[in-house]
Amino acid sequence: MSDTIAAISTAQGVGGIGVVRISGEDAFSIAENVFKPYFGQQKGCISDLGGYRAKYGKIIHNNEFIDEAIALVFKAPHSYTGENVVEISCHGGMYLTKRLLRAVFESGARPAEPGEFTKRAFLNGKMNLSQAEAVMDLISAKGEKSNKIAYSFLEGTAGKNITKIKNNIVDIVANLSVWADYPEDEVPAVDENTLKIGVEKVYNDVLSLIKNYDTCKILKEGVKTAIIGRPNVGKSTLMNLLSGFEKSIVTDIPGTTRDVIEESVMLGDIPLLLVDTAGIRDTDNVIEQIGVKKAKESIDMSDINFLVLDASVGILEQDRELLSKCNPKKTIVILNKCDLNKKIEKEELLSTFSDRIVEISAINGEGIEKLKEIFENIVGISDIEPSNMVISNERQLNVMNNVKKILEEALEEIDQKMTFDAVTVLLQDAVEKIMEITGESASETVVNKIFSKFCVGK
């Protein structure tokens, strides 16, 4: 890979600093064309500098001073990409960083493609494919737990579980192959029952990984959560409390919210795609009717429903109608306005919603910690262990589902007393599939598709 690439690696906008990253064989000479140190030698100021060293100087383009800057040097193979890398930091801002990047291009670098720095890291053996994918997960992490999961992938902790499954299958294949290829040697015959137990163990391990994916996806992408209830129970106040600002209009007039209002918020460590809906009631107002219709649709479309009741009024017939429409497994009943004189009787709710009832005051934040606790229990992340999260995206899930199908075929072959040659072929296919996750056998098309989803500069 002889060409040298460059891109802006910081967010493009106003900021304290902007960083242009250069990677490739000519990274040092290109950097020296645009960067001039204030002190010390000028010629070879970058190439003669030791790795992990920095120089303070200025950016010069077409003999014109552009900005002050710091050049940080990483020498191959001890860099992110495994190549010679220079990162030039100037003052942040759209103009300065783009002007610096233009100077770098005119000195011989070409624009980096999306994710090309990380792609080079993968191709140069600095990380495997699942670790490369974890880079984007780390960047887009929305909370502490999603951050820890992404980091466990990046450092390879999660990948060890994949490798363990692969090695277990390889061991089974090796025993089958030795027994088949060297029948004249004193190799113990393969016991059918032992073989089945071994394959079943691997199969159960794969099932466990697939099952954990849903939890990982929740932490990465969020949970679509609808706030529903009749008018004036405090839905919009709850929306504003969770959002941290006045997203929804709050008044004493029933029917104020007439459309679906959406906002991404964090409830503890869980990202919520929060939807504030119109109060559900019978109305003659055509516009409000549309809002009520959307609110009713949200009950089925959401992953979780926050059904808000007014604790200062009690349970009305409209509330009972809504309670009957909600799936108890994905509904939290929120008794709002508990700072006022409570008139609601929880006994009516306990048989159906039991441990999914929480008393709050949306106006002062009371009870939100309890809401967070109940929510975490419902989505199943309260005791999550990051190292158990092994599948991080749909590509990896698809691979493991294919492995699952292959292992099911292998178990069926064993039960039908088929020759062990057929079982061996299936298990070898399973190993090949698993290696697609780490990139050991991934096609160039798959690799290119993965990195095309990265941002430019990473």
Can you tell me which condition ALA112 does not meet? The list is (1) over 23 Å from LEU49 (Cα atoms); (2) touching a Phe, Trp or Tyr at 6+ places or on another chain (Cβ under 6 Å); (3) not hydroxyl-bearing (Ser, Thr, Tyr), and all the others hold.
(2)
Can you name the residue in the stretch 208-245 that is part of a loop (DSSP other than H, G, I, E, B) and open to solvent by 40 Å² or more (accessible area, probe 1.4 Å) and is also modelled with the highest pLDDT among such residues?
ASN232
Pairs where the first residue, in the stretch 314-337, is closer than 18 Å to ASN377 by Cα and part of a helix (DSSP H, G or I) and the second is among the aliphatic types (A, V, I, L, M) and modelled with pLDDT of 85 or more, C-beta under 6 Å, 6+ apart
LYS330/ILE304
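Taking the options THR118, THR97, THR81, name whichever one is touching a residue at least 12 places away in the same chain (Cβ under 8 Å) and farther than 20 Å from ILE30 by Cα.
Values: THR97 fails: farther than 20 Å from ILE30 by Cα; THR81 fails: farther than 20 Å from ILE30 by Cα.
Selected residue: THR118, the only one of THR118, THR97, THR81 that is touching a residue at least 12 places away in the same chain (Cβ under 8 Å) and farther than 20 Å from ILE30 by Cα.
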For GLU64, which of the numbered conditions (1) in contact (Cβ under 8 Å) with a residue 12 or more places away in the chain; (2) out of contact with any helix residue (DSSP H, G or I) (no Cβ under 9 Å at 6 or more places or on another chain) fails to hold?
(1)
Scanning the stretch 10-53 for residues that are under 19 Å from ALA76 (Cβ atoms), surrounded by 12 or more Cβ atoms within 10 Å (Cβ to Cβ), small (Gly, Ala, Ser) and out of contact with any Ser or Thr (no Cβ under 6 Å at 6 or more places or on another chain) gives SER29, ALA31, SER47, GLY51
Residue selected from the stretch 171-197 under the condition open to solvent by 20 Å² or more (accessible area, probe 1.4 Å) and touching a helix residue (DSSP H, G or I) at 6+ places or on another chain (Cβ under 6 Å), by the criterion modelled with the lowest pLDDT
VAL187
LYS142 vs. criteria touching a residue at least 12 places away in the same chain (Cβ under 8 Å), in contact with a strand residue (DSSP E or B) (Cβ under 8 Å, 6 or more places away or on another chain) and closer than 29 Å to MET266 by Cα
yes
Scanning the stretch 380-408 for residues that are assigned to a helix (DSSP H, G or I), under 25 Å from the mean Cα position of the chain (by Cα) and either of a type in the set (Asp, Glu) or at pLDDT 80 or above (or both) gives GLU394, ARG395, GLN396, LEU397, ASN398, VAL399, MET400, ASN401, ASN402, VAL403, LYS404
So which residues in the stretch 65-120 are farther than 19 Å from GLY13 by Cα, assigned to a helix (DSSP H, G or I) and open to solvent by 50 Å² or more (accessible area, probe 1.4 Å), if there are any at all?
PHE105, GLU106
Conditions (1) in a helix (DSSP H, G or I); (2) within 23 Å of the chain's Cα centre (by Cα); (3) modelled with pLDDT of 80 or more; number of the one not met by LYS126
(1)
The lone exception for LEU316 - which of (1) open to solvent by 40 Å² or more (accessible area, probe 1.4 Å); (2) modelled with pLDDT of 80 or more; (3) under 18 Å from PRO231 (Cα atoms); (4) under 30 Å from the mean Cα position of the chain (by Cα) it fails:
(4)
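Would you confirm, using the coordinates I've provided, whether PHE420 is open to solvent by less than 40 Å² (accessible area, probe 1.4 Å) and under 23 Å from the mean Cα position of the chain (by Cα)?
On the way: open to solvent by less than 40 Å² (accessible area, probe 1.4 Å): yes; under 23 Å from the mean Cα position of the chain (by Cα): no.
So PHE420 fails the test.
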Name the single residue that is farthest from ASN84 (Cα to Cα) among those in the stretch 24-46 being at pLDDT below 95 and small (Gly, Ala, Ser).
GLY40
Return the residue satisfying two criteria in turn: it lies in the stretch 129-170 and is among the polar types (S, T, N, Q) and surrounded by fewer than 20 Cβ atoms within 10 Å (Cβ to Cβ), and of such residues it is nearest to VAL446 (Cα to Cα).
THR163
How do the pairs read when you match residues in the stretch 431-451 that are closer than 11 Å to GLN396 by Cβ and modelled with pLDDT of 85 or more with residues anywhere that are assigned to a loop (DSSP other than H, G, I, E, B) and small (Gly, Ala, Ser), using Cβ under 7 Å and keeping only pairs 6 or more apart or on different chains?
GLU436/ALA442
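The values are calculated or read from the model by the stated rules, or taken from the named source; none is laboratory data. What you see is a predicted model; the values in this text were computed from it and never measured. No Cβ is skipped: glycine too gets one built from the backbone with ideal geometry, and neighbour counts run over all protein chains shown. Side chains are part of the model used for accessible areas, which takes the heavy atoms of the whole protein and leaves out ligands, DNA and RNA. Shrake-Rupley method; radii C 1.70, N 1.55, O 1.52, S 1.80 Å.
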